[in-house]
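Chemist: This is the structure, below, for whatever I ask next.
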Amino acid sequence: MMSTTTAVATKSVVREPGLQSEADRILAEVKAMLPKLREEAPEVEQLGRPIQSTIEMLDKIGVFKMSVPVEYGGYALTPGQMVPVFTEIARGCGSTAWVTWVTTAGTQWMTAYSHKLQAEMFDPDWVGPYQSGAMNKGGPGVARKVEGGYMLSGKWPWASGCYYTIFHTMGALVDAPDGTKYPIICQVPHEEIDIIDDWDVLGMRGSSSNTITLKKGEVFVPEYRVIQTQDLFSGKRPEPAPAGVLYDINLIQVTTATFVSLGLGLAKAAIDLFEETIGTRGITFTNYKSQREAPVTHLQLGELYSKLLAVEAIAAENCRRVESDAANGVAQTPLDNSRTRCATAYAVSVCDEIVNLCLRATGASGIKSSYPIQRIARDIKPVIMHGQMNLETAYEDYGRILAGLPGFQEPPKAKAH
């Protein structure tokens, strides 16, 4: 993984994109799932998590292995190869896409852990995604250092996909001998956690982003299942990186460059619905018996596709740039990270505009709970409201750095322990 400030080059392995034939195969098989994803989306929302059979299908196709190293049976695909896959899943079911994206993109930085942890996590017999959980620079859990590892306790909200993963990412603060605190990120096996069913929200209701806690209140986490947060953000590794350009892209760039797929897929789903209905309904309080004949519909379609083209261009450029820089050993700076985040935040805000326009153009029937556009309109809201995608904050962060001031996303500067 590449540092946020300096490039990390490993000359002993090949730095190249994942195999395109596998990326094409996975995308084609996911596209074939679109009718199933759309049909079961209401059930996913009611259940609060993706359907188990769908998780199994995605696993069989190889979706969850897209960011797993080839050394462990994965494909090591690049962000540009993964974005179309996440987009098609979101085109069918936003919640299933959220779970797929957050667990698969997050798998990339699991390679910052020891090979022993990776061998456990990437169990060839496991069916489903590999990691879920929650962490930030300040916890939210608490840990204390003991011989051979840490004793961990706490609660971790927002653990999207927690029903399906073999390990759970749990951030915690540790008291240092000098009285300061430093953050760590632990990996805890699924059998040691409990899930609190508290996910009751506006949109992405089926993403299973519940709170997780520990069955025993406090558990021992061995040293090899722990990394210090500052090491993760600085690109420091205990062992050599896997083969593939994916692992030279820092975690900020990977998650941000692929995040756009959620908004893009929902935008495409909204346009699909709009185009399906313009020939079957008129426009109230006009003489148009078919919405297709109205000039306003032509204007709306022109605007929708123009915005869609802009989002796709932003997504493609983000992926091209971060992959090229990683492949060529170009150092990633806070400005680079902020640029990717700002561009993505802007792109998903345009996706929100697309969905809202489709909702308005649908007319009053669009508010029926049985009509998919209302769910899509709700699902896009967590995408644009996610802390990483807050547009105003992204603008400010990017602008600060352009003006020569420190950005908000500088790597942690805690002391080494």
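Chemist: Out of V226, V201, V188, report the one residue that is more than 30 Å from G73 (Cα to Cα) and either out of contact with any Asp or Glu (no Cβ under 8 Å at 6 or more places or on another chain) or surrounded by 19 or more Cβ atoms within 10 Å (Cβ to Cβ) (or both).
Modeler: Every option except V201 fails the conditions.
Chemist: Mind listing whichever residues of the range 392-407 are part of a loop (DSSP other than H, G, I, E, B) and surrounded by fewer than 13 Cβ atoms within 10 Å (Cβ to Cβ)?
Modeler: Filtering the range 392-407 down to residues part of a loop (DSSP other than H, G, I, E, B) leaves 403-407.
Within the range 392-407, A403, G404, L405, P406 qualify.
Chemist: Additional query: Test M385 against the stated conditions and say whether it is free of Cβ contacts under 8 Å to residues at least 24 places away in the same chain and within 20 Å of the chain's Cα centre (by Cα). Write out each step before concluding.
Modeler: Details: free of Cβ contacts under 8 Å to residues at least 24 places away in the same chain: yes; within 20 Å of the chain's Cα centre (by Cα): yes.
Answer is yes for this residue.
Chemist: While we're on this one: List the strands (runs of 3 or more DSSP E) that sit entirely inside the range 167-278 and contain at least 2 residues that are among the β-branched types (V, I, T) and closer than 16 Å to K145 by Cα.
Modeler: It comes to 181-189, 210-222, 226-228.
Chemist: I would also like to ask the following. Restrict the check to the range 71-80 and report whether at least one residue is in contact with a helix residue (DSSP H, G or I) (Cβ under 6 Å, 6 or more places away or on another chain) and either part of a helix (DSSP H, G or I) or surrounded by fewer than 22 Cβ atoms within 10 Å (Cβ to Cβ) (or both).
Modeler: Checked against the condition, which is being in contact with a helix residue (DSSP H, G or I) (Cβ under 6 Å, 6 or more places away or on another chain) and either part of a helix (DSSP H, G or I) or surrounded by fewer than 22 Cβ atoms within 10 Å (Cβ to Cβ) (or both), the range 71-80 yields at least one hit.
Chemist: Here is a follow-up. Answer yes or no: is there a residue in the range 308-325 that is buried (at least 24 other Cβ atoms within 10 Å of the Cβ) and out of contact with any helix residue (DSSP H, G or I) (no Cβ under 6 Å at 6 or more places or on another chain).
Modeler: Within the range 308-325, none of the residues are buried (at least 24 other Cβ atoms within 10 Å of the Cβ) and out of contact with any helix residue (DSSP H, G or I) (no Cβ under 6 Å at 6 or more places or on another chain).
Chemist: Something else about it: Would you confirm whether any residue within the range 279-295 is of a type in the set (A, V, I, L, M), surrounded by 16 or more Cβ atoms within 10 Å (Cβ to Cβ) and not in a helix (DSSP H, G or I)? Outline the logic, then answer.
Modeler: Of all residues in the range 279-295, those of a type in the set (A, V, I, L, M) come to 283, 294.
From what is left, the residues that are surrounded by 16 or more Cβ atoms within 10 Å (Cβ to Cβ) are 283, 294.
Now drop any that are not not in a helix (DSSP H, G or I), which leaves 283, 294.
For the range 279-295, residues of a type in the set (A, V, I, L, M), surrounded by 16 or more Cβ atoms within 10 Å (Cβ to Cβ) and not in a helix (DSSP H, G or I): present.
Chemist: Still on this structure, I have one more. Return the pairs, sorted by first residue and then second, in which the second residue is assigned to a loop (DSSP other than H, G, I, E, B) and buried (at least 20 other Cβ atoms within 10 Å of the Cβ), the first residue lies in the range 149-167 and is at positive phi, the beta carbons are less than 7 Å apart, and the residues are 6+ apart or on different chains.
Modeler: Between residues of the range 149-167 that are at positive phi and residues that are assigned to a loop (DSSP other than H, G, I, E, B) and buried (at least 20 other Cβ atoms within 10 Å of the Cβ), the close pairs are W158/S209; G161/P129; G161/S208.
Chemist: Then there's this: For the range 141-166, enumerate the residues that are within 26 Å of the chain's Cα centre (by Cα) and part of a strand (DSSP E or B).
Modeler: G141, V142, L152, S153, G154, K155, W156, P157, W158, A159
Bear in mind these aren't lab numbers, they're just calculated from the coordinates by the rules spelled out. These figures come from a predicted structure and were not determined experimentally. Counting neighbours? That spans all protein chains shown, and the Cβs are built from the backbone with ideal geometry, glycine included.
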